[in-house]
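The values are calculated or read from the model by the stated rules, or taken from the named source; none is laboratory data. Computed from a predicted structure; not experimentally measured. Neighbour counts run over all protein chains shown; Cβ positions are idealised from the backbone, glycine included.
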Amino acid sequence: METYLRMVDLPYQNYFDGKLSPQGKMPWIEYNRQQVSGSEFIIDFLEEKLGVNLNKNLSPQERAVSRAVTKMVEEHLYWTIAYCQWVDNLEETQKMLSVTGPLSDMLKWILGHLNCSMVQREMYGHGIGRFSKEEVYKLMEKDMRTLAELLGDKKYFMGPKMSTVDAAVFGHLAQAMWTLPGTRPEQLIKGELINLAMFCERMRRKFWPEWFVDIEDVYYDGADTDSSEGSSTGLMDFGLFSRTDTMEESEASDKHTHSHTHSPDTDHSLFDSDVGTGSDNGPQLKCDPPNPAPSSPKPPNP
């Protein structure tokens, strides 16, 4: 949700008090004392109230595909990533929790196991939690391969221009890319499905310029990687160019700027977005992010 707000250039303020919406949901926003929860309803609300719309250039068929992919990510892939993070990789996830003080280790352990129990209970109710570990990971891999196939060599999922589905996909894949070291999803996204890693890095550079990562963080340096694909140079080249880049798009990018982008003049690549939207003088939103994620490294909220 936070990435979407940055994409449409709406100012907002985060609150991390853990308060849920009246429906018991996260994320939720408050605008002019009106509360709206759920990513889809929030986006609909902002489109109606403020006139922002990332999907205005999509055809009806493309909008249908965009919504279907978004629902696959939010209602299916989400649970497999949550399982990897809070159940299968709990010990490492606990280390990244932002807790300080003399009892920080104990508090991390308590918070970690509380989240683990909650995730397992909700996964069972959803239905995906009734499968074995191997089956959950198999479902996760199918979802990720579907995303990689759909993205192909395009800059964004629906073509050369961004849409709301990019915010949804990035918010979930960022967890796999930067908060799950050594796990199956990280190995997939930084290895065989490298186009997804390049997409994540492209979005990060554009909308999270204050969030720095090392170049090694965009590829998986596994023990069995000894080919040219195991070097950062070889993999970085994969994401620098796209067949969907056009002269019109390049000219448009020169005419637009975005308040969240502060790239040096020497850094020109297709990692950077080509869309400028909104205004710096818009209304401010109070935004409560989704359930807490590990704080280091710092991924965006879905």
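Remarks
- Number of residues in segment 25-43 that are without any contact (Cβ under 8 Å) to a residue 60 or more places away in the chain and of a type in the set (Val, Ile, Thr) equals 2.
- Within the span defined as segment 20-37, one or more residues are touching an Asp or Glu at 6+ places or on another chain (Cβ under 7 Å), closer than 30 Å to Ser132 by Cβ, outside any helix (DSSP H, G or I) and not assigned by TED's automatic domain parsing to the domain that holds Gln175.
- Candidate set from segment 14-35 (those that are within 21 Å of the chain's Cα centre (by Cα) and closer than 21 Å to Leu50 by Cα); member that is surrounded by the most Cβ atoms within 10 Å (Cβ to Cβ): Trp28
- Filter result for the condition that a residue is assigned to a helix (DSSP H, G or I), within 26 Å of Tyr137 (Cα to Cα) and touching a Phe, Trp or Tyr at 6+ places or on another chain (Cβ under 8 Å), over Thr70, Thr80: Thr80
- Selection status of Glu47, at pLDDT 95 or above, part of a helix (DSSP H, G or I) and charged (D, E, K, R): no
- Residue count for segment 179-189 satisfying the condition of being crowded, with 24+ Cβ neighbours inside 10 Å and not β-branched (Val, Ile, Thr): 1.
- Among the candidates Thr93, Thr146, the residue that is β-branched (Val, Ile, Thr) and touching a Gly at 6+ places or on another chain (Cβ under 7 Å) is uniquely Thr93.
- Any chance Gln61 is surrounded by fewer than 12 Cβ atoms within 10 Å (Cβ to Cβ), modelled with pLDDT under 95, over 26 Å from Ala176 (Cβ atoms) and polar (S, T, N, Q): no
- Residue tally, condition in a helix (DSSP H, G or I) and under 19 Å from Arg6 (Cβ atoms), over segment 50-67: 2
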